[in-house]
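Accompanying notes for the structure given below.
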Amino acid sequence: QVQLVESGGGLVQPGGSLRLSCTASETIFRFNAMAWYRQAPGKQRELVAQIIIGGSTKYVDSVKGRFTISRDNAKNTVYLQMTSLKPEDSAVYYCNAKQTIRDYWGQGTQVTVSS
């Protein structure tokens, strides 16, 4: 069973930065893509950023230019660097690993942007 462990969430002021980490229990080369999703209270879970096995990335429009997804293959870890954070970025952030027939999810990490 694949396990994804997230870390790095917390409370930050508007305009601040955080880096989320997601470490997989297996080599991330097993996955077609890895991604970060987020879910705010009363809202649907949305895709924030994705990196596919070839290295291409995509982002939801609201975070373009502010968030960067990257990976360290040797550490089986995917990162989400978040800068210029806004209150509307507050949510539980989930790591996701995609295979052809199923997805795996982490437990989530809370990000709160507030003064």
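Could you identify the single residue in 7, 84, 25, 70 that is in contact with a Gly (Cβ under 8 Å, 6 or more places away or on another chain) and among the hydroxyl-bearing types (Ser, Thr, Tyr)? First the steps, then the outcome.
Values: 7 fails: in contact with a Gly (Cβ under 8 Å, 6 or more places away or on another chain); 25 fails: in contact with a Gly (Cβ under 8 Å, 6 or more places away or on another chain); 70 fails: in contact with a Gly (Cβ under 8 Å, 6 or more places away or on another chain).
Testing whether each residue is in contact with a Gly (Cβ under 8 Å, 6 or more places away or on another chain) and among the hydroxyl-bearing types (Ser, Thr, Tyr) leaves just 84.
Selection of the stretch 87-115 for residues being surrounded by 13 or more Cβ atoms within 10 Å (Cβ to Cβ) and assigned to a loop (DSSP other than H, G, I, E, B) yields 90, 106, 108. Within the stretch 48-60, if we keep just the residues that are open to solvent by 50 Å² or more (accessible area, probe 1.4 Å) and not aromatic (Phe, Trp, Tyr), the residue that is farthest from residue 92 (Cα to Cα) turns out to be 54.
Across the stretch 28-50, what is the total count of residues that are closer than 17 Å to residue 100 by Cβ, modelled with pLDDT of 95 or more and of a type in the set (A, V, I, L, M)? Going through the stretch 28-50 one residue at a time, the tally reaches 3.
Name the single residue, out of those in the stretch 71-86 being in a strand (DSSP E or B) and open to solvent by 60 Å² or more (accessible area, probe 1.4 Å), that is nearest to residue 5 (Cα to Cα). Break it down into steps so the answer makes sense when it comes.
Of the residues in the stretch 71-86, the ones in a strand (DSSP E or B) are 71-72, 77-82.
Keeping just the survivors that are open to solvent by 60 Å² or more (accessible area, probe 1.4 Å) gives 71, 81.
Values: 71: 14, 81: 16 Å.
Only one residue tops the list, namely 71.
A quick yes/no check of all residues on (1) of a type in the set (Asp, Glu); (2) under 16 Å from residue 9 (Cβ atoms):
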residue: 68; (1), (2): no, no
residue: 72; (1), (2): yes, no
residue: 76; (1), (2): no, no
residue: 83; (1), (2): no, yes
residue: 87; (1), (2): no, yes
residue: 91; (1), (2): no, yes
residue: 94; (1), (2): no, yes
residue: 97; (1), (2): no, no
residue: 102; (1), (2): no, no
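If you check 6, 26, which single one turns out to be surrounded by 14 or more Cβ atoms within 10 Å (Cβ to Cβ), part of a strand (DSSP E or B) and of a type in the set (D, E, K, R)?
On the way: 26 fails: part of a strand (DSSP E or B).
Selected residue: 6, the only one of 6, 26 that is surrounded by 14 or more Cβ atoms within 10 Å (Cβ to Cβ), part of a strand (DSSP E or B) and of a type in the set (D, E, K, R).
In the stretch 61-70, which residues are surrounded by 15 or more Cβ atoms within 10 Å (Cβ to Cβ) and either polar (S, T, N, Q) or part of a loop (DSSP other than H, G, I, E, B) (or both)? First the steps, then the outcome.
Here is the first cut: in the stretch 61-70, the ones surrounded by 15 or more Cβ atoms within 10 Å (Cβ to Cβ) are 63, 66-69.
Those that are surrounded by 15 or more Cβ atoms within 10 Å (Cβ to Cβ) and either polar (S, T, N, Q) or part of a loop (DSSP other than H, G, I, E, B) (or both): 66, 68.
The values are calculated or read from the model by the stated rules, or taken from the named source; none is laboratory data. Since the structure is predicted, the reported quantities are computational estimates derived from the model, not experimental observations. All Cβ positions, glycine included, derive from the backbone under ideal geometry; neighbour counts span all protein chains shown. Areas reflect the complete protein model, heavy atoms only, side chains present, ligands, DNA and RNA absent. Shrake-Rupley method; radii C 1.70, N 1.55, O 1.52, S 1.80 Å.
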